[in-house]
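Engineer: Take this structure, written in structure tokens, and hold onto it; I'll ask about it next.
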Amino acid sequence: MPYLTAAAITSFGELKGLGTVDLMAKAADEALDQAGLEPGQIDGLLCGYAVNLPHLMLASLFAERYGLSPAYAHGIQMGGASGAGMLMLAGDLIKAGRCRHVLVIAGENRLSGMSRDAAIAALAQVGDPVYEVPHGTTVPAYYALLASQYMAATGLKEDDLAAFAVLMRSHAIHHPKAHYRHAISVDDVLESRVIAAPLKLLDCCPISDGAVAILVSAEHPGRPAARLRGAGQGHRHQHLSAIRAAEDFGARDSLARALEQARCDVADVNYLGIYDSFTITLAILLEDLGLAPRGQSAILARLGYFDAQGEMPLNTHGGLLSFGHSGVAGGMAHIAECYAQLSESAGDRQISARQLALIHADGGVLSAHVSLLIEAC
Amino acid sequence: MSSIARRGCATPFVEGLAVGLIRYQFCLSCERPQNLAKYRCVNCGSKSLIWADSAGVGNVQAVTAIRRASDPVFQALVPYVIVLVRMREAFSLMAIQDPSESQEGFSPDDPDSVKERSCRPLQIGDLVRLYPKRWGEQQGLVAFRSNPLAV
């Protein structure tokens, strides 16, 4: 059985002077400390890509610099789903007996190491190079198009989306490592400048520097930890223009496969870590996964259902929207927070005991989906 | 990446735009159209795909006005409207508001701009006519004019 035995996270924000590999090393140091492991004990290494360091073999590069000689190592590219995808693979490597300690790592100085325009341009390439990108599209524009269609179909409104931005900020305020920690209101979100209508600045995650390292091991560490009980993926399209049904993006395929492996029901879940690159991403995923009725996720948010003290705490670190987004590590922060909460090591942010968490991440334009069911143990 | 490598199986689409045609893929096995360019039919898996010419008319399926662009060429154009259009032939295609219209200062997203032209903002469901567009160095665009909306 694969166990999560450590999850380390650097501060997110503007971390001048640290490169992508420096950030990864920092997170790795803390993860090894938490788990009480030496680099020589790491026999598996999975590494997320970095837009700012498009190296052919980033895992090998990191292994060399950090002094690892793993028996298994490579990088992964699944966009925002990379972190959850690496956790899934780490679990399978443990179960297959190939590795005993897999280090899952990603980091990037995406904010201080490259210009915003360069980051926006690089990310826009998830669009189709013939049918989409020539029209001056951006990732916010892909999600804005999705939002316009989804909102027209479900009745979801702009202030509904704003409620999620406010919720994520209310959580980030309590996390000392979050990128943005000042309170915001629904009006602040609605009045922030338009990026791609109907999405405004505060509907969009920021670009951050940061890194996350998670250890997946074959044995229980003998202290409160977590185990990976089930995982699944769903892939139905890559490009926005290829989406066939605007309310079935592949998230449900992924969740159904994870639930089947975990042999449990979604009703057993009592903590959520859901990908939130934009407010609309979060609303669509919550509704597509069946965690909220169509068009009504924001009603639950306003009722406090997703609050840290609510019935179904959601992204208690503040999510990509407020904790920050440093590429693959941004999506791994949801897993790191889930581990902290389940292993009751979240300090001042610790919520009431949680038994089963659902992590769901998507890459591209709701293109690559990964669901993880993680249980306290 | 060379333009040929980028085009791949979309070459007939790109070549169609160059001669003023909007082409789409159609499966001879299941007789259904499909979005974008693919090697197999997304519905039945058949490789019996042909390229047909579209009449260029459809309804707006999704719409956004971009106000933050990264490319200087498009930064000069903001705000510009992008739509996903459900074509009458039952496939979807992305299009941009004709850059010459954006440069005239008209944005179908902006209430003031819309008022000036005595029309209403572009909405989901609106009819639009799409056409191939060459704009400066930018080739291979599919464009629409949002005012007048009449087709």
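The values are calculated or read from the model by the stated rules, or taken from the named source; none is laboratory data. As the structure is a computational prediction, the values presented were derived from the model and not from experiment. Glycine also receives a Cβ, built like all others from the backbone with ideal geometry; neighbour counts cover every protein chain displayed.
Engineer: What number of residues within the range A:226-249 satisfy the criterion of being crowded, with 22+ Cβ neighbours inside 10 Å and among the hydrophobic types (A, V, I, L, M, F, W, C)?
Structural biologist: The total comes to 6.
Engineer: So A:Asp160 fits all but one of (1) more than 17 Å from B:Gln75 (Cβ to Cβ); (2) within 7 Å of chain B (Cβ to nearest Cβ); (3) not hydrophobic (A, V, I, L, M, F, W, C); what number is the exception?
Structural biologist: So A:Asp160 meets the others, but not (2).
Engineer: Does the range B:9-32 hold any residues that are under 23 Å from A:Ala245 (Cα atoms) and more than 12 Å from chain A (Cβ to nearest Cβ), and which are they?
Structural biologist: B:Phe26, B:Cys27, B:Leu28, B:Ser29, B:Cys30, B:Glu31
Engineer: Identify the residue in the range A:215-225 that is within 19 Å of A:Ala27 (Cβ to Cβ) and touching a helix residue (DSSP H, G or I) at 6+ places or on another chain (Cβ under 6 Å) and, among all such residues, is surrounded by the fewest Cβ atoms within 10 Å (Cβ to Cβ).
Structural biologist: Filtering first and then ranking leaves A:Leu215.
Engineer: Just one of the numbered conditions (1) away from every other protein chain (no Cβ under 14 Å); (2) within 16 Å of the chain's Cα centre (by Cα); (3) on the phi < 0 side of the Ramachandran plot is not true of A:Ile207; which one?
Structural biologist: Condition (1) is where A:Ile207 drops out.
Engineer: Being farther than 22 Å from A:Arg229 by Cβ and either in a helix (DSSP H, G or I) or modelled with pLDDT of 95 or more (or both) is the filter here, so list the residues in the range A:73-110 that pass it.
Structural biologist: Residues of the range A:73-110 farther than 22 Å from A:Arg229 by Cβ: A:73-75, A:77, A:79-80, A:105-110.
Hits for the range A:73-110 are A:Ala73, A:His74, A:Gly75, A:Gln77, A:Gly79, A:Gly80, A:Ile105, A:Ala106, A:Gly107, A:Glu108, A:Asn109.
Engineer: Identify the residue in the range B:33-72 that is in contact (Cβ under 8 Å) with a residue 60 or more places away in the chain and within 11 Å of chain A (Cβ to nearest Cβ) and, among all such residues, is nearest to A:Ala196 (Cα to Cα).
Structural biologist: Among those that are in contact (Cβ under 8 Å) with a residue 60 or more places away in the chain and within 11 Å of chain A (Cβ to nearest Cβ), it is B:Val63.
Engineer: Which of the residues that make up the range A:224-281 are hydrophobic (A, V, I, L, M, F, W, C) and in a loop (DSSP other than H, G, I, E, B)?
Structural biologist: Residues satisfying the conditions are A:Ala225, A:Ile243, A:Ala245, A:Ala246, A:Phe249, A:Cys264, A:Val269.
Engineer: Could you grab me the full set of residues in the range A:327-377 that are part of a helix (DSSP H, G or I) and without any contact (Cβ under 8 Å) to a residue 24 or more places away in the chain?
Structural biologist: Across the range A:327-377, the qualifying residue is only A:Gly347.
Engineer: Separate question: I'm told A:Asp209 meets every condition in (1) among the acidic types (Asp, Glu); (2) more than 30 Å from A:Gly85 (Cβ to Cβ); (3) in contact with a strand residue (DSSP E or B) (Cβ under 6 Å, 6 or more places away or on another chain) except one. Can you identify the failing condition by its number?
Structural biologist: Among (1) among the acidic types (Asp, Glu); (2) more than 30 Å from A:Gly85 (Cβ to Cβ); (3) in contact with a strand residue (DSSP E or B) (Cβ under 6 Å, 6 or more places away or on another chain), the lone unmet condition for A:Asp209 is (2).
Engineer: Restricted to the range A:93-126, and to residues that are surrounded by fewer than 16 Cβ atoms within 10 Å (Cβ to Cβ) and in contact with a Pro (Cβ under 9 Å, 6 or more places away or on another chain), which residue is farthest from the other protein chains (Cβ to nearest Cβ)?
Structural biologist: A:Lys95
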